[in-house]
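Q: Can you keep this structure in mind? I'll have questions shortly.
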Amino acid sequence: MGKKTCCTENDPFFIDYPGRIKSIQEAMASEGFDVYLGSRLRTISWTTDAFCPWRSYIVIPREGLPTLFTFVIDASRVADDTWLPEDNVRGYAPLGGQDQITQISDFIKDELKIRKGRLAYETGLSNYTPEGNLSQYEYEMFTAALPGLEFVNAHIIVDRLSLIKDEGTINRFREASRYTDVGHEAVREALVNGGWKGKTETEIAGIAECAMRKAGSEWAWSFTAGNEIASGYRTGYAGGACTPATRRELQPGDSLMVDLHAMYRLGLGDYAYNYLIAPVTDRMRWHARNYIDVVQMCIDNYREGITPLGLASMVMEMAEERGFTDYVVPGFEHGIGMMGDEWRIGLNTGPIKYWTDPNHVYQAGEMLICAVQYACPEEKIGFRYECPILIHENCCELMAKFPLDVEEID
Amino acid sequence: MEDKLKYLSPEWRDEAYRRLSAELDPEKMNYATTSLVSVYHNCPDGKERYFFVSCVDGAIGDVSVGEGEPPEAEFSISGDYDVFAKMSRGELGAQAALMSGKLKLKGNMVKALKLSSLADRLNRVIATIPTQF
């Protein structure tokens, strides 16, 4: 109940959810839709303000409040968390008449009284497992249960509306980034002055998680295993963008990658910081300098008007001049939004459908994760930078305040 | 031997109302306000029947039986007469009937969960009526 009562316009984390629904309904009206059936996690988060880990659906009529359907075992909790009235959260269950297909199609037919017209639904392709597009089976069952409705893929409506972030969303990201700063401080404190000796990757993940939870983080949200820790050769995986913590114990001469994730009311924190454990060679420092310069170039150039391809070209030119192109993944961002909105940049208008549009022109108010992956597998070394950034007209704002560095510890 | 009342007959309805009112006070019904209609398909005479119970602040309100279109209720459970008869004879549990799809529930499942113990209390009282199926 706390969330509902604090969600007033004076609250820095206020989001105008009824306004979001109204904007969807206006788009539905202009595109001739009678009802919207949202199933993607990003859509559920963006419309309900509730964490919905179970398969969920939101049904939005042309007028009035939407109704959320989620697994019955979690429906009461979701009803407590969301801004929607209790009656607008329904639980589905494996009982006669209560499975998700029957319940939602009956709801559309009998309660919304919509038996003919156009239904907007969400499908497509994603490299992100929990995306939540309607499955083939769901599509077949829904179309059979709602024979009078024409089903039209219309995810673009929510994608378009959620591209530019409002102040409440931005502030939630700032708060979640504050948690990752706290986590990094705790990890650094635990590692310096020989504290790293005998520590494992999972232990480091736990130290960070404990500190971030104390600060208020709800969840290390990343589907790539929460707080990602890699050490030694594991920092040097080619591509290397997913490193679930293992039981590997830190060793002298290791590089160490600490990538922390935190969540504040569906706003996401994501900051990666790197260490080198003594003894550190000049060659290791050369790699570290390359990595830092790449990140700095990205940070200095993210602003309105730049494109992912434009930035990548600029960075790779520097890498070419300095002889380290082999070690840089030539992409420096991934998309971000409220929980479940991850990965692609832009609006699916690029040459390869459902992937980042390399020519997407950033606008002020967009957010992304600046993500740099530097890896040299043959030398068993690598670094990662991730930080949520907000695009401004002439610069970008780093949500996390932890410094950019590769810190040497002994 | 106690005379048996014909299932879903007006006499059976009167006895149901009498027993429910006598045995379930508002406290036992958690002061709930709700309504439930059971819809019986394929009755022995080929007709469709319903059994409706409402509750206002925990007090038993309307109890009615009838043929044809059932009244509006917060919850509706529909299925074949035989399934309901088996349940009333204790040969089939309500949960098993719902989980196997033999009965279809309509209404807000979250609220239904909260009220399921009340439905059980209603059913236990109704099951005490000497009934001829």
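Q: Looking at (1) crowded, with 16+ Cβ neighbours inside 10 Å; (2) over 30 Å from A:ALA154 (Cβ atoms); (3) β-branched (Val, Ile, Thr), find the lone condition where A:THR325 falls short.
A: So the condition that A:THR325 fails would be (1).
Q: Select the strands (runs of 3 or more DSSP E) contained entirely in segment A:78-166, then report the ones holding at least 3 residues which are farther than 15 Å from A:LEU68 by Cα and away from chain B (no Cβ under 13 Å).
A: Qualifying strands (runs of 3 or more DSSP E): A:117-121, A:149-153.
Q: Is it the case that some residue within segment A:250-266 is among the aromatic types (Phe, Trp, Tyr) and assigned to a helix (DSSP H, G or I)?
A: The answer is no; no qualifying residue exists.
Q: I'd like to check something: does segment A:368-385 contain any residue that is assigned by TED's automatic domain parsing to the domain that holds A:THR243, assigned to a loop (DSSP other than H, G, I, E, B) and touching a Lys or Arg at 6+ places or on another chain (Cβ under 8 Å)?
A: So far as segment A:368-385 goes, no, none of its residues is assigned by TED's automatic domain parsing to the domain that holds A:THR243, assigned to a loop (DSSP other than H, G, I, E, B) and touching a Lys or Arg at 6+ places or on another chain (Cβ under 8 Å).
Q: Are any residues in segment B:56-78 in contact with a Gly (Cβ under 6 Å, 6 or more places away or on another chain) and either crowded, with 20+ Cβ neighbours inside 10 Å or more than 14 Å from B:LYS104 (Cβ to Cβ) (or both), and if so, which ones?
A: B:GLU74
Q: While we're on this one: Name the strands (runs of 3 or more DSSP E) wholly inside segment B:1-70 in which the number of residues that are in contact (Cβ under 8 Å) with a residue 60 or more places away in the chain is 1 or more.
A: Per the criteria, B:34-41, B:49-56.
Q: Mind telling me which of the residues A:ALA230, A:ALA220, A:ALA241, A:ALA205 ends up being assigned to a helix (DSSP H, G or I) and either of a type in the set (Lys, Arg) or not assigned by TED's automatic domain parsing to the domain that holds A:LEU41 (or both)?
A: A:ALA205
Q: Now a separate question. Is it true that B:LYS6 is within 21 Å of B:LEU115 (Cα to Cα), modelled with pLDDT under 95 and loosely packed, with under 15 Cβ neighbours inside 10 Å?
A: For B:LYS6, the condition - within 21 Å of B:LEU115 (Cα to Cα), modelled with pLDDT under 95 and loosely packed, with under 15 Cβ neighbours inside 10 Å - is not met.
Q: Another question, if that's okay. Report every pair of residues separated by at least 6 positions or lying on different chains whose Cβ atoms are under 6 Å apart, first residue within segment A:57-69 and without any contact (Cβ under 8 Å) to a residue 60 or more places away in the chain, second of a type in the set (S, T, N, Q).
A: A:TYR57/A:SER39; A:ILE58/A:THR47; A:VAL59/A:THR67; A:ARG62/A:GLN25; A:LEU65/A:ASN88; A:THR67/A:ASN88; A:LEU68/A:THR48
Q: Has segment B:87-106 got any residue that is part of a helix (DSSP H, G or I), in contact (Cβ under 8 Å) with a residue 40 or more places away in the chain and either farther than 21 Å from B:ALA32 by Cβ or within 14 Å of chain A (Cβ to nearest Cβ) (or both)? Steps first, please.
A: From segment B:87-106, those part of a helix (DSSP H, G or I) are B:87-88, B:94-99; that's our starting set.
From what is left, the residues that are in contact (Cβ under 8 Å) with a residue 40 or more places away in the chain are B:88.
Then drop every residue that is not either farther than 21 Å from B:ALA32 by Cβ or within 14 Å of chain A (Cβ to nearest Cβ) (or both), which leaves B:88.
Among the residues of segment B:87-106, at least one is part of a helix (DSSP H, G or I), in contact (Cβ under 8 Å) with a residue 40 or more places away in the chain and either farther than 21 Å from B:ALA32 by Cβ or within 14 Å of chain A (Cβ to nearest Cβ) (or both), which makes the answer yes.
Q: OK, next. For segment A:325-367, which positions are at pLDDT 95 or above, of a type in the set (Ser, Thr, Tyr) and in a loop (DSSP other than H, G, I, E, B)?
A: Scanning segment A:325-367 gives a single hit, A:TYR362.
Q: Oh, and also: May I ask you to list the residues in segment A:185-233 that are at pLDDT below 95 and either aliphatic (A, V, I, L, M) or surrounded by fewer than 19 Cβ atoms within 10 Å (Cβ to Cβ) (or both)?
A: Once the filter is applied, which keeps residues that are at pLDDT below 95 and either aliphatic (A, V, I, L, M) or surrounded by fewer than 19 Cβ atoms within 10 Å (Cβ to Cβ) (or both), segment A:185-233 yields A:PHE223, A:THR224, A:ALA225.
Q: Would you confirm whether any residue within segment B:40-50 is touching a Leu at 6+ places or on another chain (Cβ under 8 Å) and either closer than 30 Å to A:ARG77 by Cα or loosely packed, with under 13 Cβ neighbours inside 10 Å (or both)? Walk me through it before giving the result.
A: Restricting attention to segment B:40-50, the residues satisfying the condition of being touching a Leu at 6+ places or on another chain (Cβ under 8 Å) are B:40, B:43, B:49.
Add one more test, that the residue is either closer than 30 Å to A:ARG77 by Cα or loosely packed, with under 13 Cβ neighbours inside 10 Å (or both), and what stays is none.
Looking through segment B:40-50, none of the residues is touching a Leu at 6+ places or on another chain (Cβ under 8 Å) and either closer than 30 Å to A:ARG77 by Cα or loosely packed, with under 13 Cβ neighbours inside 10 Å (or both).
Q: Being crowded, with 16+ Cβ neighbours inside 10 Å and farther than 23 Å from A:ARG160 by Cβ is the requirement here; does A:LEU268 meet it?
A: Judged against the criteria, A:LEU268 is not a match.
Q: Restrict the check to segment B:71-87 and report whether at least one residue is modelled with pLDDT under 90 and touching a helix residue (DSSP H, G or I) at 6+ places or on another chain (Cβ under 9 Å).
A: Looking for residues that are modelled with pLDDT under 90 and touching a helix residue (DSSP H, G or I) at 6+ places or on another chain (Cβ under 9 Å), one finds at least one in segment B:71-87, hence yes.
The values are calculated or read from the model by the stated rules, or taken from the named source; none is laboratory data. As the structure is a prediction and not an experimental result, all values here were calculated from the model. Heads up, the Cβs are rebuilt from the backbone with ideal geometry, glycines too, and the neighbour counts pull from every protein chain shown.
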